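Enquirer: I am attaching a structure below and will ask some questions about it afterwards.
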Amino acid sequence: MRADIIELRPEGLYCTAGDFYIDPWQPVPMAIITHAHSDHARRGCEKYLSNTLAKNVLYKRLGNITLQTIDYGEIIRHRGVRVSLYPAGHILGSAQVKIEYRGETWVVSGDYKVENDNIHQSFEPIQCDTFITESTFGLPIYRWQPQSVIQAQINNWWKDNASQNRTSILFCYALGKAQRLLSLLDCSIGPIVAHGAIEPINQIYRETGVALPQTYMVTQITDKVALEKALVLAPPSASRTNWLKRFGHFSDAFASGWMQIRGRRRIKSIDRGFVLSDHADWAGLLSAIRETNADRIIVTHGYSEIFARYLNEQGFDAQTFSTKFGENHENDDSPLDHSIET
Amino acid sequence: MREFVELYMQLDSTTSILAKERALRIYFSTASPADSAWATYFLAGGNPKRLVKTSILRKLVNLSTTLPSWLFEESYESVGDLAETIALLLPLTPMGTTDSLHEWMKNSLLPLRVIPSEHQAEYLLSLLQKLDSTGKFVCLKIITGSFRVGVSRLTVIKALAALAEIDEKIVAQRIVGLVGINHIPTANDFLTLIQPIDATNNINQTGLPFPFFLAHTIPYDVSEMPEQLGLSQDWITEWKWDGIRAQIVKRGGEIWIWSRGEELITERFPEIANMREHLPDGAVLDGELVVWSNDKPQSFAMLQQRIGRLKLTSKLLKEVPVIFIAYDILEWQGLDLRQETLLKRKDLLNGFINANPIPGLKISPILFADSWQKLSEYRGESRQRGVEGLILKHKFSQYGIGRTKEVGIWWKWKIDPFTIDAVLIYAQRGHGRRASLYTDFTFALWDKPKSEPDRKLLPFAKAYSGLTDAELREADQLIRKSTLERFGPVTTLEPTQVFEIGFEGIARSKRHKSGISVRFPRILRWRKDKSIYEANTLMDLQSFLPH
Ligand SMILES: [Zn+2]
Ligand SMILES: [Zn+2]
């Protein structure tokens, strides 16, 4: 029997033949990064490789690193291993890593969503023998509605608030979700304010060529009435700070896949939950897996054990890798209360 | 149904009371009386008895999806609510019914009761396919008898009172009958609810009680009381009786006994119902039902024997005699007295009862004290007197509704609970807001003293609340690490943690493994400083039993 192309090491997912890691959680000499969320891209490695579009976000998040970038579909050869990256549809520059060695193909998905959101390059299914997948929303209760439906819900909520002179505060993850939301907002309703943790990432998106509507810092809007008609994008961490106090009368909401469950919305006692995720839902995970034609599936994070058990019952050869992905509060990988991974 | 589901969504998608009141006003001003009656019923906390068994709901999922049952259970555990889980799993369908709420109840849901159980799942599925996903959720919540939305009954009362332009107190009183258990609300009920007041109906001609006025836990220490509450002499202080809070309503020759849960319990207490001979018409008394023998109140556990028994034998009536301890009078000669001062009401009550003693009726004595310190000493006697502590009511206070504080406050000053250090052995996930956290814990005590070699942990109480969210999260992490096995929703743990458990009452019990039942157990503190070997024993618990 041949050795596996990728194995689980204490530092992370390791490719023996190529002597590199994918999204390692400890410092290693060579790291391929699927995307810039903090549980997948960590500091301290000697060399990094990522998709070209992820470059500026990675510099922003990891500081002055040694980074090589390649385009989607571009192939590099390294110690007899062919490595290429393909869009994962998750955030700017998010990539699946395709590794070919001695006629065998493995794909590491990173985080992905299958619906085209119109601002990130769409997920592309890649044929492979072994597919290493996430399962953040790997339960059948997670079933997303089309983006256009959620878009209408959000704009209607904003419109209703604006008509009653109530600022709309929309909490969302700063990298990826905030920019996706920006692209969905109906700017005729009022001005859009971006929190200081979100605006620098908007800038990077714009520099990378993604058209986003104009955003303001809260201090730029001095007219009280304008502020009442505004929609404010803020990271979840801002919900517990004084930053919010400046908005008198407001309605708040949170945009996340976790909002599918009422209890999760209640835990934060926010007015509205919009079910919008940058991860695949249950059906999305299953369709993505089927389209790879892989026989062997390895689940890295989310409802890993449950999802792997289900895949086994469906005839796949499925197992789990116990990784450190999803251990983070500032992106969609973890529920608000840290407690569902079983 | 569409409009009611829409109302549900509006109430559920805001935390602002004003927005909720507005949504209610809009709904009630457009809905028909028959629909409004059902809406009031559900919003004000009425719940029809569970319409189908849980096993039927699981069968329904099997019929309509291809999910293996273990996956359904995992989903349920993650969501924490059965109705919500099913609504999230059933195939999506658009809203396909034009039935209004009352038509839906009458034509679709209530018939479930008469459909043989082997056909219920198919029938229910055909109903649910006519609803969109929120509709499915609302309908399943009704079916499981667990419909709840974030409005208090008071908010509903306010909205209806504003709409009908009548006093909130009148609406509050009338609503009691509408939400009663086993009641099927009708258009007529709703019209009566919002009917304008005139000479013939300002005091209820039926047996309805007034909404109970409830006490708040006193947040002050005895040293703060002079500053916070003023002179102790301005407060009327009584014992806090450990029984069933009840109102006795005597009107038109008939008598009704209502519990605080707005349940009619007249038949349960024939000796109290006998007061029909002695009380004049147009009288409502507020007080407590307690078991009384040997000239003192007996434990709540004894009262429970009376409630639990289907048949009241004369032997039981003799062994467990119940009296009514009156502490307030809310109606007299057909007049609503709730806006009179407590002092005046007490005078009336004492005057009447002293002149006309009634068997089985006692007046709750007033404790005279010239200082807060003296009251604190009275409180210290509570346990030996078989009461729960003191209750303080300002002498000029009116009788409010529920937990309102506008017209006067009642403070309960309870004795400190019994406490015991116990070991955590089982955990179960919570529901609703804390659906994904472990919130229900079972605690155990050692069955033998420390010196014995082979002692075991014996479960003695289940406690729900008392930990902060941060502690719950920490407990959650710990539970994951110490899980021995999982059986359904229950996780068995390796015993490692000690908690201080407080409880209010204690009694012998044949139904409990430990032989003892405790009342209102709750977690007081996490004793991280203690090892499980230092936890208390069953003998320690037994020592609290009254001799
Ligand atoms: Zn991610
Ligand atoms: Zn992830």
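The values are calculated or read from the model by the stated rules, or taken from the named source; none is laboratory data. Just so it is clear, the structure is predicted and the values come from calculations on it, not from any experiment. Glycine also receives a Cβ, built like all others from the backbone with ideal geometry; neighbour counts cover every protein chain displayed. Accessible surface is based on the protein model in full, side chains and every heavy atom, while ligands, DNA and RNA are left aside. Shrake-Rupley method; radii C 1.70, N 1.55, O 1.52, S 1.80 Å.
Enquirer: Write out the chymotrypsin sites (Phe, Trp or Tyr not before Pro) in segment B:317-372 meeting two conditions: DSSP loop, and at most 13 other Cβ atoms within 10 Å of their Cβ.
Expert: Sites meeting the loop and neighbour criteria: B:Phe368.
Enquirer: Taking R0 as 35 Å, what FRET efficiency do you get between B:Glu494 and A:Ala283 from their Cβ-Cβ distance, rounded to the nearest 0.05?
Expert: Using R0 = 35 Å, I get an efficiency of 0.35.
Enquirer: If you place +1 on the Cβ of every Lys and Arg, -1 on the Cβ of every Asp and Glu, and leave all else neutral, what size is the dipole of segment B:418-542 about its Cα centre, to the nearest 20 Debye?
Expert: Roughly 380 debye for segment B:418-542.
Enquirer: Among A:Val107, A:Val81, A:Val193, which one moves the most in a GNM of chain A with springs linking Cα atoms closer than 10 Å?
Expert: A:Val81
Enquirer: Once phi is turned into ³J(HN,Hα) by the Karplus curve 6.51 cos²θ - 1.76 cosθ + 1.60 with θ = phi - 60°, what whole-Hz value does each residue of segment B:67-78 show in order, with x for glycine and proline?
Expert: 6, x, 5, 5, 6, 4, 5, 4, 5, 4, 5, 6
Enquirer: Hey, another quick one. Residue by residue, what Karplus-based ³J(HN,Hα) values in Hz, rounded to whole numbers, does segment A:108-115 have, using 6.51, -1.76 and 1.60 with θ = phi - 60° and x for Gly and Pro?
Expert: 9, 6, x, 9, 8, 10, 9, 6
Enquirer: Continuing with this model, one more query. Report the calculated FRET efficiency for B:Asn107 and B:Lys462 (r = Cβ-Cβ distance, R0 = 45 Å), to the nearest 0.05.
Expert: 0.65
Enquirer: Give the percent of DSSP beta bridges with both residues in chain A that are antiparallel, rounded to the nearest 5.
Expert: 35
Enquirer: Oh, and also: Using only atoms on other chains, find how many Cβ atoms lie within 10 Å of each Cβ of peptide A:259-265 and report the average.
Expert: 6
Enquirer: What is the protein assembly as shown by shape, rounded, prolate or oblate, if you read a ≥ b ≥ c off the alpha carbon gyration tensor as root eigenvalues and call it rounded for a/c under 1.5, prolate for a/b larger than b/c, and oblate otherwise?
Expert: Verdict is prolate for the protein assembly as shown.
Enquirer: Next up: Report the label-to-label distance for B:Arg22 and A:Ser237 in nanometres (one decimal), using points 7 Å from each Cα along the Cα→Cβ vector.
Expert: In this crude label model, B:Arg22 to A:Ser237 measures out at 3.4 nm.
Enquirer: Let me ask something else about it. Please state the charge dipole magnitude for segment B:222-414, taken about the Cα centre, from unit charges on C-beta atoms (+1 on K and R, -1 on D and E), reported in debye and rounded to the nearest 20.
Expert: The calculation lands at about 520 debye.
Enquirer: Once amide H atoms are placed 1.01 Å from N in the peptide plane, what residues at a sequence separation of 5 or more from B:Gln497, or on another chain, have their amide H within under 5 Å of its amide H?
Expert: Long-range HN contacts for B:Gln497: B:Leu424.
Enquirer: Now for a different question. Given the DSSP H assignment, sum -39500 (n - 2.57) over each helix run of at least 4 residues in chain B and divide by its residue total; what's the result at 222 nm in deg cm²/dmol, nearest 500?
Expert: Taken over chain B, the calculation gives -10000 deg cm²/dmol.
Enquirer: A further question on this structure: With the cut-off at 1.5 for a/c, could you classify segment B:455-547 from its C-alpha gyration tensor as rounded, prolate or oblate?
Expert: Judged from the Cα gyration tensor, segment B:455-547 comes out prolate (a/c at least 1.5, a/b above b/c).
Enquirer: Could I ask something else about it? Using amide H atoms built in the peptide plane, which far-off residues or other-chain residues are under 5 Å from B:Gly389 H to H?
Expert: Result for B:Gly389 returns B:Lys240, B:Ile415.
Enquirer: Something else now. Kindly provide the helix-only [θ] at 222 nm of chain A, computed as the sum of -39,500 (n - 2.57) over DSSP H runs of four or more divided by all residues, to the nearest 500 deg cm²/dmol?
Expert: The per-residue figure over chain A is -6500 deg cm²/dmol.
Enquirer: Follow-up question, since we're still on this one. I'd like the mean, over residues of B:74-80, of how many other protein chain beta carbons sit within 10 Å of each residue's own Cβ.
Expert: Neighbouring Cβ atoms belonging to other protein chains average 6 per residue here.
Enquirer: If you take every DSSP beta bridge whose two residues both sit in the protein assembly as shown, what share of them, in percent to the nearest 5, is antiparallel?
Expert: 65
Enquirer: Which is farthest toward the positive dipole end of chain A among A:Ala230, A:Tyr86, A:Phe274, measuring Cα position about the Cα centre, with Cβ charges +1 (Lys, Arg) and -1 (Asp, Glu)?
Expert: A:Ala230
Enquirer: If you average the C-alpha positions of segment A:247-282 and of segment A:203-231 separately, how far apart do those two centres end up, in angstrom?
Expert: Using only Cα atoms, the two centres lie 22 Å from each other.
Enquirer: Can you give me the relative contact order of chain B as a percent, contacts being Cα pairs under 8 Å and 6 or more apart?
Expert: 12
Enquirer: Among residues other than B:Leu317 whose Cβ falls under 13 Å from its Cβ, what is the net charge (Lys/Arg +1, Asp/Glu -1)?
Expert: +3
Enquirer: Right, next: Out of segment B:372-403, which trypsin sites (Lys or Arg not before Pro) are coil in DSSP terms and have no more than 15 other C-beta atoms within 10 Å?
Expert: Sites meeting the loop and neighbour criteria: B:Lys395, B:Arg403.
Enquirer: Of B:Ser451, A:Phe131, B:Phe324, which is farthest on the positive side of the dipole of the protein assembly as shown, counting Cα position, with +1 on Lys and Arg Cβ, -1 on Asp and Glu Cβ, and the Cα centre as origin?
Expert: Farthest towards the positive pole: B:Phe324.
Enquirer: Would you work out if segment B:367-484 is rounded, prolate or oblate? Take a ≥ b ≥ c from the square roots of the eigenvalues of the alpha-carbon gyration tensor; rounded if a/c is under 1.5, else prolate when a/b is larger than b/c, oblate otherwise.
Expert: Oblate, since a/c reaches 1.5 and b/c is not below a/b.
Enquirer: Enumerate by residue number the GluC sites (Glu not before Pro) in segment B:4-94 meeting two conditions: DSSP loop (anything except H, G, I, E, B), and at most 16 other Cβ atoms within 10 Å of the site's Cβ.
Expert: none
Enquirer: A follow-up question, please. Share of antiparallel DSSP beta bridges in chain B, in percent to the nearest 5?
Expert: Of the beta bridges lying entirely in chain B, close to 90 percent run antiparallel.
Enquirer: Convert each backbone phi in segment B:13-29 into a coupling constant with the Karplus relation 6.51 cos²θ - 1.76 cosθ + 1.60 (shift: θ = phi - 60°), then list the ³J(HN,Hα) values in order as whole Hz, x for Gly and Pro.
Expert: Residue by residue, segment B:13-29 yields 10, 8, 9, 8, 5, 4, 5, 5, 4, 5, 4, 5, 4, 5, 4, 5, 7 Hz.
Enquirer: While we're looking at this one, here's another question. Would you give the gap between the C-alpha center of segment A:49-91 and the C-alpha center of segment B:1-64, rounded to a whole Å?
Expert: 52
Enquirer: Okay, moving on. Let's test the formula: R0 of 25 Å, r as the Cβ-Cβ distance of B:Ser314 and B:Lys510. What FRET efficiency results, to the nearest 0.05?
Expert: The formula returns an efficiency of 0.60 here.
Enquirer: Okay, moving on. List the lysines whose alpha-carbon lies under 26 Å from that of B:Lys20, not counting same-chain residues fewer than 8 positions away?
Expert: A:Lys159, A:Lys224, A:Lys229, A:Lys245, A:Lys268, B:Lys136, B:Lys141, B:Lys158, B:Lys169, B:Lys405
Enquirer: Calculate the spin-label point distance for A:Gln145 paired with B:Thr15, positioning each point 7 Å from the Cα along the beta-carbon direction, and give it in nanometres.
Expert: Calculated label separation equals 2.3 nm.
Enquirer: What do you get for the angle between helix A:282-292 and the principal long axis of chain A? Use alpha-carbon atoms, 0 to 90 degrees, nearest ten.
Expert: Between the helix axis and the principal axis of chain A, the angle is about 40 degrees.
Enquirer: Charges only on Cβ, +1 for Lys and Arg, -1 for Asp and Glu: so what's the dipole of the protein assembly as shown about the Cα centre, in debye to the nearest 20?
Expert: The calculated dipole for the protein assembly as shown is roughly 1460 debye.
Enquirer: Put +1 on the Cβ of every Lys and Arg and -1 on every Asp and Glu Cβ in segment B:222-414; which of B:Phe269, B:Thr341, B:Trp241 then has its Cα farthest towards the positive end of the dipole?
Expert: My answer, from the dipole projection, is B:Phe269.
Enquirer: Return the single residue from A:Ala318, A:Ala17, A:Ala178 with maximal mean-square fluctuation; model: Gaussian network over chain A, springs between Cα atoms under 10 Å.
Expert: A:Ala17
Enquirer: Just grab the label-to-label distance for A:Glu74 and A:Asn312, each label 7 Å out from Cα along the Cβ direction, in nm (one decimal).
Expert: Between A:Glu74 and A:Asn312, the label points sit 4.2 nm apart.
Enquirer: Working from Cα positions, state the angle (0 to 90°, nearest 10) between the long axis of helix A:304-313 and the longest principal axis of chain A.
Expert: 60
Enquirer: In what sequence, largest accessible area first, do B:His183, A:His90, B:His278 appear using a 1.4 Å probe?
Expert: So the residues, ranked largest to smallest area, are B:His278, B:His183, A:His90.
Enquirer: If amide H atoms are built 1.01 Å from N in the plane of the peptide, which residues on other chains or at least 5 residues away come under 5 Å of the amide H of B:Asn47?
Expert: Sorted by chain and number, the residues that satisfy this come to none at all.
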